[in-house]
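The values are calculated or read from the model by the stated rules, or taken from the named source; none is laboratory data. Nothing here was measured: the structure is a model prediction, and the numbers come from that model. Every residue, glycine as well, gets a Cβ built from its backbone with ideal geometry; the counts of neighbours run over all protein chains shown.
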Amino acid sequence: MKFLKYVILSLSLVFALSCNKSDDTNPVEGTSKISVRLMDMPGDFDNVFVDVQDVMIKLNDDSEGDSGWVSVEAINTGIYDLLELTGGIDVLLLDDFELPSGYLNQIRLVLGNDNTVVIDGETFPLNTPSAQQSGLKIKVNQNLEPNINYTFLLDFNVDASIVMASNSENINLKPVIRASVEAQSGYITGMVTPLDLQVLIEATNGVETISTYADETGQFVLVGLDSGAYTVTATPRYCFGI
């Protein structure tokens with residue numbers, strides 16, 4: 001048996017300049033454009049399929065009720081395997097949607113009925129009652145300035161989101177989704193060798209940990225990072241072909 005002692009890691013860290021957020025919820029004149037991308041942190045499942053039906057927003061409304069939500073007509077609805085949305089791969093759900101400038105309080109993902117999780121080759125229904133009725137609500141609290149394009153990155157944490165219901169065989173989705181703004185965040189990109197390994201890449205700033213897998217070429221990217229110092233680790237999971 002051959003044991004790997006070292007994984008060689010090279011990386012670069014980039015942070016974009018940004019404007020400060022504002023808590024002002026009063027509408028401002030002009031329009032802004034928003035895009036929404038869905039991605040995922042790695043998880044210990046074979047597959048996690050979610051049925052994305054719509055994207056909605058709540059603008060200039062800090063209430064917690066169901067009023068004020070507006071559909072923004074997602075362009076790429078359908079069933080997606082969240083575990084394929086790693087290593088810089090994502091799904092563009094909304095592309096440069098124009099809306100009045102102001103304060104964007106929340107984004108909501110509305111899911112359909114075809115949500116499943118595959119564990120050890122067996123497929124189980126994934127119960128998402130709240131997502132089907134009222135949607136997955138993600139607080140973004142972002143001030144939208146006129147004539148600026150914003151891209152919101154929705155990072156699904158699969159391991160934290162899928163739970164077994166107590167005393168039953170039901171598997172429930174209680175979503176943990178991290179939202180960030182691409183224009184106001186940084187990213188870490190790099191490469192690992194050798195290439196015959198699946199390698200888990202994690203970056204932590206002491207408060208939160210972001211993770212992804214390197215792809216088959218050894219490349220990886222961690223996005224949506226706040227400015228600061230990060231510790232990056234590369235952990236081999238298994239050898240391909242073994």
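Condition check ((1) part of a strand (DSSP E or B); (2) of a type in the set (D, E, K, R); (3) under 20 Å from the mean Cα position of the chain (by Cα)) across all residues:
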{"site": "Asn172", "(1), (2), (3)": "yes, no, yes"}
{"site": "Gly190", "(1), (2), (3)": "yes, no, yes"}
{"site": "Ala203", "(1), (2), (3)": "yes, no, yes"}
{"site": "Val207", "(1), (2), (3)": "no, no, yes"}
{"site": "Ile210", "(1), (2), (3)": "yes, no, yes"}
{"site": "Thr217", "(1), (2), (3)": "no, no, no"}
{"site": "Ala234", "(1), (2), (3)": "yes, no, no"}
Checked against (1) under 12 Å from the mean Cα position of the chain (by Cα); (2) without any contact (Cβ under 8 Å) to a residue 40 or more places away in the chain, Glu122 satisfies every condition except (1)
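A quick yes/no check of all residues on (1) at pLDDT 80 or above; (2) assigned to a loop (DSSP other than H, G, I, E, B); (3) in contact with a helix residue (DSSP H, G or I) (Cβ under 6 Å, 6 or more places away or on another chain):
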site	(1), (2), (3)
Phe124	yes, no, no
Lys139	yes, no, no
Asn143	yes, no, no
Phe156	yes, no, yes
Ala160	yes, no, no
Ser168	no, yes, no
Tyr187	no, no, no
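Counting only residues that are assigned to a strand (DSSP E or B) and not polar (S, T, N, Q), which one in the range 174-185 is modelled with the lowest pLDDT?
For the range 174-185, the residue satisfying everything is Val181.
Taking the range 109-122 on its own, how many of its residues are assigned to a strand (DSSP E or B) and surrounded by 20 or more Cβ atoms within 10 Å (Cβ to Cβ)?
Step one: filter the range 109-122 for residues assigned to a strand (DSSP E or B), giving 109-111, 116-119, 122.
With surrounded by 20 or more Cβ atoms within 10 Å (Cβ to Cβ) added as a condition, the list becomes 109-111, 117.
Counting residues in the range 109-122 that are assigned to a strand (DSSP E or B) and surrounded by 20 or more Cβ atoms within 10 Å (Cβ to Cβ) gives 4.
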Anything in the range 1-45 that is modelled with pLDDT under 90 and either touching a Lys or Arg at 6+ places or on another chain (Cβ under 6 Å) or under 20 Å from Val176 (Cβ atoms) (or both)? List them, or say none. Met39, Asp40, Met41, Pro42, Gly43, Asp44, Phe45
What's the number of the only condition in (1) touching a residue at least 40 places away in the same chain (Cβ under 8 Å); (2) within 20 Å of Asn141 (Cα to Cα); (3) under 20 Å from the mean Cα position of the chain (by Cα) that Val50 fails to meet? (2)
Would you point out the residue of the range 89-105, among those that are over 26 Å from Glu64 (Cα atoms) and touching a Leu at 6+ places or on another chain (Cβ under 9 Å), that is surrounded by the fewest Cβ atoms within 10 Å (Cβ to Cβ)? Leu92
Within the range 36-74, restricting attention to residues that are more than 30 Å from Thr209 (Cβ to Cβ) and among the β-branched types (Val, Ile, Thr), which residue is surrounded by the most Cβ atoms within 10 Å (Cβ to Cβ)? Val72
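When you go through Thr86, Thr77 one by one, which is the residue that is crowded, with 20+ Cβ neighbours inside 10 Å and polar (S, T, N, Q)? Lay out the reasoning, then the answer.
Working: Thr77 fails: crowded, with 20+ Cβ neighbours inside 10 Å.
The conditions single out Thr86.
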